[in-house]
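Reading through the C-alpha cells given below for one structure.
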Amino acid sequence: MDLVQKEHDRLQKRLKASQGINNVQSTIDLLQQARDAIAEDPNQAAVILAKLQNPVKSSFDSINDSLKETHSGLNKYTKSLDKLFKDRPLPSTEHDALSEQEHLIDRAIAMHLLREGQFSVAATFLSEILDKKTKEQTSDSSLRSTDRPATMFDIDEVPSDEIRKQFGQMYYILHQLKEEKNLLPAIEWSRENREALEARGSNLEFDLCRLQFVWLYHGESHEHGNTPGNVRAAMQYARTEFQGFAPRYLREVQQLMGAMAFCPNLRDSPYAGIFNNPSAWDDVAQSFTREFCSLLGLSADSPLYIAATAGAIALPTLLKLQTIMKAKRTEWTSENELPVEIPLPPSYLFHSIFVCPVSKEQATDQNSPMMMPCGHVIAEESLRRLSKGNRFKCPYCPNESHPKDARKVFL
C-alpha cells in the first residue's frame, strides 16, 4: 500500500506542476491574436501566419512533453494498483437473491436519487423504466386490445408523490440553511413537528434556535427574517423564543445569557466554544436531515449507499474465503448469515450483534446466544455440540452446567 501511496503522491505533484493547461491557453491566445490581426489587415495574412508558425509549433511541443510526463506517471500508478490488487474473479452470483428482484434494485436507485436531491435524474430514471415496461407490454403477444398502456403508477419502483414532496421540502430547507444561512424554514418545520420530535427525545428545535441566537449576536447580514444586529438583537430574540425552552434546557439558556456579560471579550471567555464553533452549521444540518428522515420512517443515509459501501468492505474477505473454500473443496452452506464475521465501522452497526467465541459465527434467530449459569455466553449450536445433552464444562471457566440451565439472550 505504501508503493501505491507513493505513486499517487508523485502523480499528484506532476499534475499540479504540469504546464499543459497554460500551454494550451497560450496557443489559443496566439491564434486569437493572429485572427484579430488578419481581420484588421487582410493584406498582412501571409506575414502573420508565417510569424505564427514557430510559436505554435513550440507550444505544441510543450503540450506533448507535458502529456508524456503525465502519461508516464499514470502508467506507474496503474501498475502499482495492479500489483497490489490482483485480478481475481468476483464471488459467484449463481445464487444471487437480487438477480430476480430487479424492481427492488430499481426502487433502491430511485430512492437514492431522491434522497440525494437529484430530482431531475430520478425523473429521467423512472421515465426510462416506464418506457421499458411499455415496450415489454407492447411486445407481449398476450396483450389484448382492451389492455391500457402502462403508466407511471404501474411502476413498482415509483416512490409516492408524498415522499417526493417531502424530499423536495427537505432539500429546500437544507439549501436555505447551508447556502443562505437562513434558519427560519428549519425552525418552522421543527415547530410544526414538535410533538413527534419531543417523543423521539430530539434537541433539534432548541439547537436551531440557539444557532439563530448566535447568528444574531454576530450581526451577520441576511435578507430573511429578523434584522441581525449584535447583543440587542440576540437578547430580543431570546426574550421571545427561549421561554418555552427553559424547563428542559435551563442550563443551556443560562449559559447563553451568562455569555452576554463577556461581550467585550467573548473570545477569551468560557463560552467561546458556543459562539465560535466552525462546525455548528454542518452539525445542525446533519441533525435536521437525520430527524427529517426519521419522521418519514427512513434512515438518515441512503440504504443503497450503505449497502454498496458495506459490500466493498466485505469483498476482500469474501474473495479470500472463496479461495480457501476452492482449495479445500468445500461449499458455503450457511443460509441467512455470513460464514465469517465482517468487521464494519461502528456507524454501520445498526443493532447489537453477538459473535460466538467458540464457533466464531455471528448469532442469528435460529442460532441465538445462550448464557450459562456462570455468566459466559456462547451460541446455541456451540452449546449443543459441547454438551451433547449432558453436563459439560464451560470452555472459559471451571464451572459445569447442564444445557437446560442455559438461558436465551435477547439483544
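The values are calculated or read from the model by the stated rules, or taken from the named source; none is laboratory data. Because the structure is a prediction, the values reported are computed rather than measured. Please note: Cβ atoms are built from the backbone with ideal geometry, for glycine as well, and neighbour counts cover all protein chains shown. We work out accessible area using only protein heavy atoms, side chains counted, and drop any ligands, DNA or RNA first. Shrake-Rupley method; radii C 1.70, N 1.55, O 1.52, S 1.80 Å.
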Note to self: Can you tell me which lysines have their Cα less than 21 Å from the Cα of Lys13? Leave out same-chain residues fewer than eight positions away.
What the structure shows: Lys68, Lys76, Lys79
Checklist line | Accessible area of Val24 in the full protein assembly, 1.4 Å probe (Å², nearest 10) | finding: 60
Check: Dipole size in debye (nearest 20) for segment 355-408 around its Cα centre, Lys and Arg Cβ +1, Asp and Glu Cβ -1?
Finding: 180
Check: If one computes the Cα centroid of segment 45-81 and of segment 344-411, what distance in Å separates the two points?
Finding: 67
Item checked: Å² per residue, accessible surface of segment 253-329 at 1.4 Å -> 59
Item checked: Whole-Hz ³J(HN,Hα) from phi, Karplus 6.51 cos²θ - 1.76 cosθ + 1.60, for segment 78-83, glycine and proline x -> 5, 5, 5, 5, 4, 5
Note to self: Quick check for me: using +1 on Lys/Arg Cβ and -1 on Asp/Glu Cβ, what's the dipole size of segment 1-81 about its Cα centre, in debye to the nearest 20?
What the structure shows: 460
Check: Which FRET efficiency value, to the nearest 0.05, do you get for Gln286 and Leu67 by plugging their Cβ-Cβ distance into 1/(1 + (r/R0)^6) with R0 = 41 Å?
Finding: 0.45
Margin query: For Leu183, Leu81, give me the order by solvent-accessible area with a 1.4 Å probe, most accessible first, ignoring ligands, DNA and RNA.
Written below: Leu81, Leu183
Item checked: Dipole magnitude of segment 163-296 about its Cα centre (Cβ charges: Lys, Arg +1; Asp, Glu -1), debye to nearest 20 -> 160
Next item on the list: Report, in whole Å, the centroid distance computed from the Cα atoms of segment 96-129 and segment 175-218.
Entry: 31
Notebook entry, point to check: For segment 1-81, max minus min Cα coordinate along each principal axis, in Å, sorted largest first?
Noted result: 63, 15, 13
Notebook entry, point to check: What order, most packed first, do the peptides 299-311, 261-273 have when packing is the mean number of other Cβ atoms within 10 Å of each residue?
Noted result: 299-311, 261-273
Checklist line | Value of relative contact order over segment 356-396, rounded to a whole percent, pairs C-alpha under 8 Å and six or more apart | finding: 34
Checklist line | J(HN,Hα) series, segment 174-181, from Karplus relation 6.51 cos²θ - 1.76 cosθ + 1.60, nearest Hz, glycine and proline x | finding: 5, 5, 4, 6, 7, 8, 9, 6
